[in-house]
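Trainee: Take a look at this one; I'll ask things after.
Here, each number is a calculation from the coordinates, and none is a lab measurement. The structure displayed is predicted, hence computed values, not measured ones. Note: ideal-geometry Cβ built from the backbone for every residue, glycine included; neighbour counts use all protein chains shown.
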Amino acid sequence: MGLGLRWQFLDDVLERLTDRSQLAPIQFFEVAPENYMRRGGYFPAMLERVRSHYPLFSHGLTLDIGSCDPLDGGYLAELSRFLKRFEPAVHSDHLCFTGCGGIQLHDLFPLPFTMEAVRHVTARLCAAQDFVRRPIALENITFYRADESSEMSELDFVCEVLSQSGAGLLLDVNNVWVNWQNHRTHEPTAFLERLPLERVVSMHVAGHEKRGPRLIDTHGADVPDSVYTLVEWVISRTGPLPVVVERDHHIPPFDELLAEVKRVSEAYNRGLDVYASRREGALV
């Protein structure tokens, strides 16, 4: 179990670093490298303190793997330095584009689900990985309007990108649920059954909110029962995986956040019990 580390509760984490029982069941923290790159002083120093006690995962926001702009060499150089300094166990970013014409739009926009886009992402991912000299996993995102030029479903697009690029998947089960509710294309477990689950390197868990007729992936609400169910389902098929709870807005007091991580951990453990029973049955 991991938690997305946010500045709003960094001091709470630092106060408890030397007593793991006060942070249980957290076993690692995930950070956005953009929050620490090109920055000195307090925050990188505090991240070094956290790293001295807990492993880190790195989850990027602005690789912009799907953009038609050239890859940003300055960004990749800073990212490479961050990865060398903090040595995260996993680095990931989003299967999307985030900028256009040299302008960062600070949101995650879906690509057209086409073979041209698959080839485009694959080539750029290979170039980015060569630059930073390590694998970069890709996360499935939410989207709120289907691109009319798409030739395939979101599921087929994600599978093609993973197949052609060889990338690992950061599986966000909340995003699977939100896209199902908004678009009604693939029922969540049917979507998950067709994914190459052996390529999943970690999993994200978060909450969403209803805005008008749509669900929005805000990371600003409690994890709903529907998402706990998907956590349990995935772990029952994959076995142990790193699972990260994300909370970016309306962050509750830290002890309440820890209680939510514990509830996700309980769903995780139920999934592990099913996984163990399935394996035991297969060996009999």
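Trainee: I'd like the distance separating the alpha-carbon centroids of the stretch 48-127 and the stretch 241-284, in whole Å.
Mentor: The distance from the Cα centre of the stretch 48-127 to that of the stretch 241-284 comes to 26 Å.
Trainee: Once you have a ≥ b ≥ c as the square roots of the Cα gyration tensor eigenvalues for the stretch 178-226, tell me rounded if a/c is under 1.5, and otherwise prolate or oblate according to whether a/b is larger than b/c.
Mentor: oblate
Trainee: Which of rounded, prolate, oblate describes the stretch 144-284, given a ≥ b ≥ c as roots of the alpha-carbon gyration tensor eigenvalues and a/c under 1.5 marking rounded, otherwise prolate only if a/b is larger than b/c?
Mentor: oblate
Trainee: Also: What's the exposure ranking of R124, R279, going from fewest to most Cβ atoms within 10 Å? Could you put the intermediate results ahead of the total?
Mentor: Details: R124 19, R279 11.
The order, fewest Cβ neighbours first, is R279, R124.
Trainee: What ³J(HN,Hα) values, in whole Hz, does the Karplus curve 6.51 cos²θ - 1.76 cosθ + 1.60 give for the stretch 203-208 when θ = phi - 60°, with x put for Gly and Pro?
Mentor: Once θ is set to phi - 60°, the couplings for the stretch 203-208 become 9, 9, 10, 7, x, 9 Hz.
Trainee: Related question: Sort 145-157, 49-61 for me by packing, meaning the mean count of neighbouring Cβ atoms within 10 Å per residue, highest on top.
Mentor: Per-residue Cβ counts within 10 Å, averaged per peptide and sorted highest first, yield 49-61, 145-157.
Trainee: Full extension from H53 to H106: what is 0.36 nm times the residue separation minus their Cα-Cα distance, to one decimal in nm?
Mentor: Net length gain for the segment: 15.9 nm.
Trainee: What FRET efficiency would be calculated for the residue pair A259, L76, taking the C-beta separation as r and a Förster radius of 41 Å, to the nearest 0.05?
Mentor: So the FRET efficiency works out to roughly 0.60.
Trainee: Another question, if that's okay. Suppose we keep just the DSSP beta bridges with both residues in the stretch 2-283; what percent of those would be antiparallel, to 5?
Mentor: Of those bridges, close to 20 percent are antiparallel.
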